[in-house]
Amino acid sequence: MTPTDLQLLQRIDAADEAALLELHARYASLVYSVAYRVLDDRMAAEEVTQDTFLRLWDKAHTYDSAKGAFVPWLLTIARRLAIDAFRKQRRDPMRQTVLTDGDREQWERAFASEHSDLRPTLLAVLYELPEDQRQVIELAYFYGMSHSQIAEYLQTPLGTVKSRIRSGMERLREAWLTETAGNPKAEN
């Protein structure tokens, strides 16, 4: 019987290296894709991937399943580490190009996981979002831009940016909750 992510996390908290290796095998490519999208540098993304799993090893006890699923928690760690690395490189996120409809494979890689039964649902909802909502979510998630940076980049009022992010994230969250409620295989 294959252990769940939560069971592996509990084993990691008890210093079981094999459990860390199993979670790494499950999610390293997903973590790497998030880091690569932020950094656009293979070596830096590999380093962030390694740092993410080291952080998981040290901070497994901080995960609270009542606050959310494991995979988004892990990807939040990866994303924050990637943004920190990005800022250390002193690259200007404003010079990055924004994802377009043709870059659907970037989102597919971000959601890619052999254990993710929710991937098709999230991708479908993402591409049903109005372009302006999807664009601000991409800038925040993949480029680590703050709301005010997004407003400056798009030359859009800050309140509009915040509303678009909130609306888009609410639709993604509703799809996630609807799908997980009817899917016993969904991650904890």
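Among the residues of the range 107-122, are any farther than 30 Å from Gln7 by Cβ, outside the structural domain of Ser33 (by TED's automatic domain parsing) and at pLDDT 60 or above? Checked against the condition, which is being farther than 30 Å from Gln7 by Cβ, outside the structural domain of Ser33 (by TED's automatic domain parsing) and at pLDDT 60 or above, the range 107-122 yields no hits at all. Only one entry in Leu6, Leu30, Leu21, Leu54 is in contact with a Ser or Thr (Cβ under 8 Å, 6 or more places away or on another chain) and surrounded by fewer than 17 Cβ atoms within 10 Å (Cβ to Cβ), namely Leu6.
Considering only residues in the range 153-184 that are surrounded by fewer than 16 Cβ atoms within 10 Å (Cβ to Cβ), among the charged types (D, E, K, R) and at pLDDT 85 or above, the one that is nearest to Thr4 (Cα to Cα) turns out to be Glu170.
Restricting the range 143-152 to residues that are surrounded by 15 or more Cβ atoms within 10 Å (Cβ to Cβ) and at pLDDT 80 or above, the residue that is farthest from Gln10 (Cα to Cα) is Ala151.
The rows are residues; the columns are (1) in a helix (DSSP H, G or I); (2) acidic (Asp, Glu); (3) closer than 14 Å to Arg79 by Cβ.
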| position | (1), (2), (3) |
| --- | --- |
| Leu8 | yes, no, no |
| Arg11 | yes, no, no |
| Ala18 | yes, no, no |
| Arg37 | yes, no, yes |
| Glu47 | yes, yes, no |
| Asp51 | yes, yes, yes |
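The values are calculated or read from the model by the stated rules, or taken from the named source; none is laboratory data. All values derive from a computational prediction rather than experimental measurement. Please note: Cβ atoms are built from the backbone with ideal geometry, for glycine as well, and neighbour counts cover all protein chains shown.
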